[in-house]
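Below: one structure, written as structure tokens.
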Amino acid sequence: MSDPGAPRAILHIDMDAFFASVELLRRPELRGRPVAVGGTGDRGVIAAASYEARVFGVRSAMPSVRARRLCPDLVLLPGDHAHYGEVSGRIMELFRSVTPLVEPLSLDEAFLDVSGTRRLHGPPAELAAGIRRRVLDQEGLTCAVGVAPNKFLAKLASAQAKPIAGPDGPRPGEGVLVVPPGGELAFLHPLDVSRLWGVGPATLAKLQRFGIRTVGDLAALPRETVVGALGRGAGEHLHELAHGVDDRPVVPDQEPKSISHEETFSADRHDREALRADLVRMADAVADRLRRHGFRGRTVQLKVRYADFTTVTRSHTLGAPTDRGTTLRDEAWRMLGALPVERGVRLLGVGAANLTREAPVEQLSLDEMMGAGGVPAAGSSGASGDDRATLADDADWDAANRAVDDIRRRFGSTSIGPGRAAADRSSGPRSPWGPDRPTSTDPPDG
């Protein structure tokens, strides 16, 4: 039972170089070397970098080509997102064994509200240290933990508790950093104002014109001055953060807003037909994830990035939500047909949004609609031949999807797929961080 008079205690737990660290468990001979995970091809991007690689300036979201220039000895490994998801799932379950109030932010970080666990697990600082030990013992991985009275300060604290990639090599961080109740402003105000959520380059330039360098400088300004300089929404938000105010609760098990799949091609696509197999495969991947997590999508989304990096998105809301790859494919193909692919397509993506867990509307069976002896049932005008064919097709597709899902659960996600994608020699699992280098002498796709 929690003490209603006790202050809130929020943990922000962030795994250290998660993807790279997981790979090093499988490749221990690479320990101590600069290692990164991401797309290994010329259009790939870095997903994660070890601290040895960060010494050279290698960072996530950096083009792989630039990372290799910064660090010629970089070991760049293709990612295994399915494996990272499995490891993440075990770590999140470990967190939930401490408190049910766990809010995952991504595969490698989460907020935990441990305000009510003091009697069971002791002071928050001790609990944070214990969680770090358990993650290390169970998974062989390290993490940083920020402890604070709110989410904003806990996230800032975990960032400062992480290892440091200095010019002389990586150095261990504190591991756990505690911002005690009453010490919020002493921790916060010396920090650079760019550390506040919502301070991007444009906002930072405006603040600097006022001579604002630190969070304390911003906190010293009257609220009206900040609002006048940045507008009502941004001004109120940053004024609150500068005073350490953040009342947001930890919200466990938030439902996703969308599910999507996108890929960057190793060479630009200029032919619409050349994109068909990719679109089929992506729609199937999205549908598989929808069914696996019990969702249907009401809106189909299409994303196209051209060779000049211009990005176009299109969406269409269906009459009824779907979890079928064929429906996603057809809608995405229709939207793609209205776009000028001859400009050169660098990236293609398919997604489903406006997700729901509602069961599909139950339709009458043919027997129910026709009644005994093929006579339309009372109160029903019967079904036309087209209607009966549609119902039969729907039932066939649902049965086929269930069979495919069963095969994938037994034999793996790549054991079966759409015929068009299977016929494409370039089909198969793709890295979400860009195309990898070919593993044979075949030329790249496109």
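Just so you know, all these numbers are worked out from the coordinates, no wet-lab data involved. Because the structure is predicted, anything quoted here is derived from the model rather than measured. Using ideal geometry, Cβ is built from the backbone for each residue, glycine included, and neighbour counts are taken over all protein chains shown.
Phi angles across the stretch 327-342 convert, under the Karplus curve 6.51 cos²θ - 1.76 cosθ + 1.60 with θ = phi - 60°, into 3J(HN,Hα) values of 5, 4, 4, 5, 5, 5, 5, 5, 5, 5, x, 8, 10, x, 6, 5 Hz, Gly and Pro given as x. Taking amide H as placed 1.01 Å from N in the peptide plane, the amide H of residue 143 sits under 5 Å from that of 16, each at least 5 places away or on another chain.
In terms of packing, defined here as the mean over residues of other Cβ atoms within 10 angstrom, the peptides 139-152, 50-63 line up highest first as 139-152, 50-63. Is the C-alpha gyration tensor of the stretch 189-242 telling us rounded, prolate or oblate? Criteria: a/c under 1.5 is rounded; beyond that, a/b larger than b/c is prolate, otherwise oblate. Cα axes put the stretch 189-242 in the rounded bin.
Given their separation in residues at 0.36 nm each and the Cα-Cα distance between them, residue 59 and residue 42 gain 4.5 nm when the chain is fully extended. Using a cutoff of 8 angstrom between alpha carbon atoms and counting only pairs six or more residues apart, the relative contact order for the stretch 1-180 works out to 28 percent. For the pair the stretch 116-170 and the stretch 277-306, the centres of their Cα atoms are 36 angstrom apart. Here the extension length gained between residue 292 and residue 134 equals 53.9 nm, from 0.36 nm per residue of separation less the Cα-Cα distance. In a fully extended conformation the segment linking residue 320 and residue 191 would gain 41.5 nm over its present Cα-Cα distance, using 0.36 nm per residue. Taking a straight Cα-Cα cut-off under 20 Å and skipping sequence neighbours fewer than 8 places away in the same chain, the lysines within cross-link reach of residue 162 are 151.
Ignoring lysines fewer than eight residues from residue 257 along the same chain, the ones with Cα atoms less than 18 angstrom from its Cα are 303.
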